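The values are calculated or read from the model by the stated rules, or taken from the named source; none is laboratory data. Remember, predicted model here, so these are calculated numbers, not experimental data. Positions of Cβ are generated from backbone atoms using ideal geometry, with glycine treated the same way; all protein chains shown enter the neighbour counts.
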Amino acid sequence: MYENSGNRENAVQNPAAGILYKVRGFFIIRKRQGSSPENKKELCPEMEKMMRYIDMHCDTLGSALAQKTETFLELDRTMVDGLRLQQAEAGAQFFAMFLPQRNDPDWFGLEEMPSAEVLMRKMYDIFCHTMEQYGDRFAAAHNAEELKQNQNEGKISAFLTIENGSLIDGKMDKIREIYDLGVRLVTLTWNDDNCLGHCHSQKPEEMSRGLTGFGKEAVRYMQELGILVDVSHLSDGGFRDVAEASRRSGVPFVASHSNCRALAPATRNLTDAMIRELAECGGVAGLNLEPTFLNEDETDKVSRIERICDHAMHLIDRGGIECVGLGTDFDGISGEFEISDCTKLPLLFDALRKRGLSEDAVEQIAYQNTARVIRDGMR
Ligand SMILES: [Zn+2]
């Protein structure tokens, strides 16, 4: 989730976002015609061939909650829903339960913010209802074996994650509880400090603050249990502490939806030194489609495919091909998008091929690198 994401109603009033929804509307209308190969071609005429992918971050459960739907199969004006995941031939989608510490009615359409626990249960219910009602197409996955099994059965894997570990509330038992619920990735902070550590900040002294004492213990425990630790939104000091824990445990960590700070100065992005360290620990950074995290000029609200490729190439240059993955942040971002929903991702894969990447390298970015981290970090 990006800080300034408006809800759909607000976003439509924004001229840039208006274009986006017009484009999305086209897809919504077209998708109801069915999903035969011909229609797929019609949906995205540039699409030469599909590629299975794993996306480490979307905020679609929050959108489903705002739309008061029981499942995420079919949603209005979102960038991801079950039907479009099928059209896109997704291998796996990580679904974040975004649990902010403050309220904005734009996020979930809620006047009053329930407790983090209640909010989580609401999104968890939508996730579970979808798995129950459409078990022929989707299945929850918790590790590499289940990812493989779902793939063999022709199902899309759905991984459950938490964005903002504040609900852990300083209690180790809570970590075990969310593990038992099926959560396999925790983004330690969002844009506020919490019991685990300090979030990213423009202020250098705040940016250098790391994990709390409890946060260090919690990271160790999550890695022991098989929950991936995610440093997106964390301070640079927090990144340093997670990297240190990861070196000790030998378990990789991820920056599920962060780009390169050398290309876009947002504090949410990774410095070159951080990219190298993440790669050395066997981790992956997920390419984020949010314009503010892509463009050098933060007032430029257009998310361009070529710019996403720039970030991919920079990650490869600094950390090697094995540290690059996808973390689109679909349904948590705002602006004007060339990749306006998940069915358009093949355009990114084509653009990466045109940058000279081999078929194997594109497949590593789309799927294999994240599959490797799932194998090494989830149980
Ligand atoms: Zn986020």
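Scanning region 295-330 for residues that are within 16 Å of the ligand (Cβ to nearest atom), free of Cβ contacts under 8 Å to residues at least 60 places away in the same chain and among the hydrophobic types (A, V, I, L, M, F, W, C) gives no hits.
Checking 243, 266 one by one, the residue that is touching a helix residue (DSSP H, G or I) at 6+ places or on another chain (Cβ under 6 Å), within 15 Å of the ligand (Cβ to nearest atom) and modelled with pLDDT of 95 or more is 266 and no other. Within region 178-200, restricting attention to residues that are in a helix (DSSP H, G or I) and touching a strand residue (DSSP E or B) at 6+ places or on another chain (Cβ under 8 Å), the residue that is surrounded by the most Cβ atoms within 10 Å (Cβ to Cβ) is 178. The sole residue among 98, 138 that is within 16 Å of the ligand (Cβ to nearest atom) and aromatic (Phe, Trp, Tyr) is 98. For region 327-348, a residue qualifies if it is of a type in the set (A, V, I, L, M) and touching a helix residue (DSSP H, G or I) at 6+ places or on another chain (Cβ under 7 Å), and the qualifying residues are 339, 347, 348. Counting only helices (runs of 4 or more DSSP H) wholly contained in region 93-177, no element carries 3 or more residues that are crowded, with 17+ Cβ neighbours inside 10 Å, free of Cβ contacts under 8 Å to residues at least 12 places away in the same chain and of a type in the set (Phe, Trp, Tyr).
Of the residues making up region 302-333, those that are crowded, with 21+ Cβ neighbours inside 10 Å, in a loop (DSSP other than H, G, I, E, B) and of a type outside the set (Asp, Glu) are 327, 328, 332, 333.
Please work out if residue 337 is among the hydrophobic types (A, V, I, L, M, F, W, C) and closer than 21 Å to residue 163 by Cβ. Yes: the conditions hold for residue 337. Scanning region 168-187 for residues that are within 16 Å of the ligand (Cβ to nearest atom) and more than 18 Å from residue 145 (Cβ to Cβ) gives 186, 187.
Taking region 248-278 as the range and being of a type in the set (A, V, I, L, M) and either part of a helix (DSSP H, G or I) or at positive phi (or both) as the test, the residues that pass are 273, 274, 275, 278.
Tell me, yes or no, whether region 219-232 has at least one residue that is part of a helix (DSSP H, G or I), hydrophobic (A, V, I, L, M, F, W, C), in contact (Cβ under 8 Å) with a residue 40 or more places away in the chain and crowded, with 24+ Cβ neighbours inside 10 Å. Yes, because at least one residue in region 219-232 is part of a helix (DSSP H, G or I), hydrophobic (A, V, I, L, M, F, W, C), in contact (Cβ under 8 Å) with a residue 40 or more places away in the chain and crowded, with 24+ Cβ neighbours inside 10 Å.
Any residue that is in a helix (DSSP H, G or I), at pLDDT 95 or above and over 18 Å from the mean Cα position of the chain (by Cα) - is there at least one of those in region 279-299? So far as region 279-299 goes, yes, one or more of its residues are in a helix (DSSP H, G or I), at pLDDT 95 or above and over 18 Å from the mean Cα position of the chain (by Cα). In the condition set (1) touching a helix residue (DSSP H, G or I) at 6+ places or on another chain (Cβ under 6 Å); (2) under 19 Å from residue 56 (Cβ atoms), residue 96 is compliant with all but (1). Condition check for residue 56 on (1) at pLDDT 95 or above; (2) more than 28 Å from residue 253 (Cβ to Cβ): one failure, at (2).
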